[in-house]
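The values are calculated or read from the model by the stated rules, or taken from the named source; none is laboratory data. Treat the numbers as computed from the prediction; the structure is a model and nothing was measured. Note: ideal-geometry Cβ built from the backbone for every residue, glycine included; neighbour counts use all protein chains shown.
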Amino acid sequence: MADETFDVVVIGGGPAGSMTAGLLARAGRRVAVVEKETFPRFHIGESMLAHSLEVLERAGALDRVRAKGFTRKDGAVFVSHDGTRRARFDFSEGDPASRFPHAYQVDRATFDAVLLDWARDCGVDVRTGTEASDLRRRGGAATASVLAAGTRFHARFVVDAAGLEASAARLHGWSSDAFVRDRVGLFGHFRLARPAASSVDVARPGDIVIVEDPTSWTWFIPLRDDITSVGFVLPIAELETLDGTSPEERFRSMARRVPEAGRLLAGAEHRSPIRGIRSYGRATGRMHGDGVVLTGDAGGFLDPVFSSGICLALGSAERLAAALDRAIGDAAAETEALDAYEASVRRAFGAVQPFVDHWYRGTLKTLLFRSQDNEIVRRRVTSILAGEFWDSPNPFATEGDRWIRALAATVEPRAGA
Ligand SMILES: Cc1cc2nc3c(=O)[nH]c(=O)nc-3n(C[C@H](O)[C@H](O)[C@H](O)COP(=O)(O)OP(=O)(O)OC[C@H]3O[C@@H](n4cnc5c(N)ncnc54)[C@H](O)[C@@H]3O)c2cc1C
């Protein structure tokens, strides 16, 4: 077995892993990424938020993303299941404002490869097709280590950016609960008869269109070449009530059940198999300890409904890189730097969580549709939908639960109960 030594070894070459690794290499640290797949590879999570462009710009990776010609996303549209209620939120109207008034819809095979190539060009030693199979914390030793493809990688810090597989949490018994136990996503790529945005009057080309339903919701994300990503998210218990047992049959059954989604899908042609994912949300009891640090989905994933995953992954990674750079330079600062990293990530999760909770309880849907009449509310909600939940002074980010309840109660007295 070979031994190699780095300052930091990162497990996973998704957005969180590439960003952490690239920034540390740019700061002069010796960094390796072990990624089990060979890129490009499919990944779900295709709709970005405006704030992510700021992180990419600071990292010097934005021009590479732009050069790929991804679909520009100016905002998000919510539509009721019967098509009677619609609300649009434009990223240029957030309060506080985003530095970029737009984001991109990305096919993740390309986007993730761009970021991993950027990390490599920053000086990261990238090993694809290399699966981490064993992880050892420092214990009394100077380094933690990872075993991957017959090599033991030693490093002062091992970063677990392995996504929902969260190997560090799994291997070391750090609580990592799938807290969204009762939901499933069914999704695929389609060529629609008409772009979803052109079938919803308030939408603009490139917008994400989300169709709500009392128990489920559907996303329409326009990717390039007339390909649209369409996904249903529903309670697992509802799967049994659908016609058929294959993912394709169940997807078609959902399209019949949600009238507005069925309308937007009429005449659509499949461009990929239908895939499914269960129990995707997870919360992690701790994010660092003894030379191991979690970031991106490995550190926690809330829910896909507000497209916050990449934004949380990139924002966490940027903060983690700064914390690790400090800790490597000054061992005495390690605990303080990593505690501050964890606290800032938990604050960002805390800003998004009330929106997710109230979406599924229905309270937020009322507010989203009615907020079009109240400019202050609309702008503050827009700021959250644009990804401005990192240490934002927006009261919707600091006290979302209270605001959503209070406002929903004023527009529909029993909704916040
Ligand atoms: C149904 C659904 C829809 C979503 N939609 C959106 C959306 O529209 N917008 C959005 O922003 N987010 C969305 N997300 C979330 C988004 O996919 C994630 O938040 C994002 O990919 C997190 O990035 P990451 O780098 O942490 O993890 P990942 O992107 O999952 O990357 C982890 C990497 O680690 C590698 N890996 C895993 N185990 C090992 C190992 N043992 N050794 C080596 N490598 C390993 C994997 O191959 C992978 O490349 C969605 C999620 C779901 C479930």
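Look at Arg250 and say whether it is at pLDDT below 95 and among the charged types (D, E, K, R).
No: the conditions fail for Arg250.
Residue under question is Gly13, and the condition is that it be within 11 Å of the ligand (Cβ to nearest atom) and among the small types (Gly, Ala, Ser); does it hold?
yes
Tell me the residue from Arg64, Arg72 that is in contact (Cβ under 8 Å) with a residue 24 or more places away in the chain, within 30 Å of Leu264 (Cβ to Cβ) and either within 16 Å of the ligand (Cβ to nearest atom) or over 19 Å from the mean Cα position of the chain (by Cα) (or both), please.
Arg72
(1) surrounded by 20 or more Cβ atoms within 10 Å (Cβ to Cβ); (2) over 16 Å from the mean Cα position of the chain (by Cα); (3) closer than 30 Å to Ser80 by Cβ: which one isn't true of Val356, the others all being true?
(2)
From Arg108, Arg66, which residue is out of contact with any Lys or Arg (no Cβ under 9 Å at 6 or more places or on another chain), among the charged types (D, E, K, R) and assigned by TED's automatic domain parsing to the domain that holds Ala313?
From the options Arg108, Arg66, the qualifying one is Arg66.
Do the conditions hold for Arg319, that is, is it outside the structural domain of Arg224 (by TED's automatic domain parsing), surrounded by fewer than 18 Cβ atoms within 10 Å (Cβ to Cβ) and of a type outside the set (S, T, N, Q)?
For Arg319, the condition - outside the structural domain of Arg224 (by TED's automatic domain parsing), surrounded by fewer than 18 Cβ atoms within 10 Å (Cβ to Cβ) and of a type outside the set (S, T, N, Q) - is not met.
Checking the structure you have, find out if any residue of segment 279-291 is hydrophobic (A, V, I, L, M, F, W, C) and modelled with pLDDT under 95.
yes
Checking the condition under 19 Å from Phe70 (Cα atoms) and in contact with a helix residue (DSSP H, G or I) (Cβ under 7 Å, 6 or more places away or on another chain), which residue from Pro195, Pro205 passes?
So the residue among Pro195, Pro205 that is under 19 Å from Phe70 (Cα atoms) and in contact with a helix residue (DSSP H, G or I) (Cβ under 7 Å, 6 or more places away or on another chain) is Pro205.
Does Ile221 fit the bill of being in contact with a Ser or Thr (Cβ under 9 Å, 6 or more places away or on another chain), exposed (fewer than 15 other Cβ atoms within 10 Å of the Cβ) and not small (Gly, Ala, Ser)?
Criteria not met by Ile221.
Can Arg326 be described as within 20 Å of Ala283 (Cβ to Cβ), surrounded by fewer than 20 Cβ atoms within 10 Å (Cβ to Cβ) and not polar (S, T, N, Q)?
Spelling it out, it is not the case that Arg326 is within 20 Å of Ala283 (Cβ to Cβ), surrounded by fewer than 20 Cβ atoms within 10 Å (Cβ to Cβ) and not polar (S, T, N, Q).
So Val159 clears everything in (1) modelled with pLDDT of 95 or more; (2) hydrophobic (A, V, I, L, M, F, W, C); (3) in a helix (DSSP H, G or I) except one condition, right? Which one?
With respect to (1) modelled with pLDDT of 95 or more; (2) hydrophobic (A, V, I, L, M, F, W, C); (3) in a helix (DSSP H, G or I), Val159 is out only on (3).
Among the numbered criteria (1) within 16 Å of Leu115 (Cα to Cα); (2) within 15 Å of the ligand (Cβ to nearest atom), which single criterion is violated by Val8?
(1)
Scan segment 213-234 residue by residue and report those that are more than 14 Å from the ligand (Cβ to nearest atom) and touching a residue at least 12 places away in the same chain (Cβ under 8 Å).
Once the filter is applied, which keeps residues that are more than 14 Å from the ligand (Cβ to nearest atom) and touching a residue at least 12 places away in the same chain (Cβ under 8 Å), segment 213-234 yields Asp213, Pro214, Thr215, Arg224, Asp226, Ile227.
So, of the residues in segment 292-315 that are within 8 Å of the ligand (Cβ to nearest atom), over 21 Å from Arg136 (Cβ atoms) and among the small types (Gly, Ala, Ser), which turns out to be farthest from the chain's Cα centre (by Cα)?
Among residues in segment 292-315 that are within 8 Å of the ligand (Cβ to nearest atom), over 21 Å from Arg136 (Cβ atoms) and among the small types (Gly, Ala, Ser), the one farthest from the chain's Cα centre (by Cα) is Gly296.
If we keep just the residues of segment 75-101 that are within 21 Å of Arg379 (Cβ to Cβ) and without any contact (Cβ under 8 Å) to a residue 60 or more places away in the chain, which is surrounded by the most Cβ atoms within 10 Å (Cβ to Cβ)?
In this case the residue turns out to be Phe100.
Could you say which residue among Ala87, Ala103 is closer than 23 Å to Ala113 by Cβ and not acidic (Asp, Glu)?
Only one candidate qualifies: Ala103.
Where the second residue is within 6 Å of the ligand (Cβ to nearest atom) and not hydrophobic (A, V, I, L, M, F, W, C) and the first is more than 28 Å from Ala76 (Cα to Cα) and modelled with pLDDT of 95 or more and lies in segment 34-46, which pairs have Cβ atoms under 6 Å and are six or more apart or on separate chains?
Listed pairs, sorted by first residue: Glu35/Gly13; Lys36/Glu131.
Is at least one residue of segment 51-59 over 16 Å from the mean Cα position of the chain (by Cα) and away from the ligand (no atom under 16 Å from the Cβ)?
Checked segment 51-59: at least one residue is over 16 Å from the mean Cα position of the chain (by Cα) and away from the ligand (no atom under 16 Å from the Cβ).
Within segment 104-127, is even one residue part of a strand (DSSP E or B), hydroxyl-bearing (Ser, Thr, Tyr) and over 21 Å from Glu318 (Cα atoms)?
Looking for residues that are part of a strand (DSSP E or B), hydroxyl-bearing (Ser, Thr, Tyr) and over 21 Å from Glu318 (Cα atoms), one finds none in segment 104-127, hence no.
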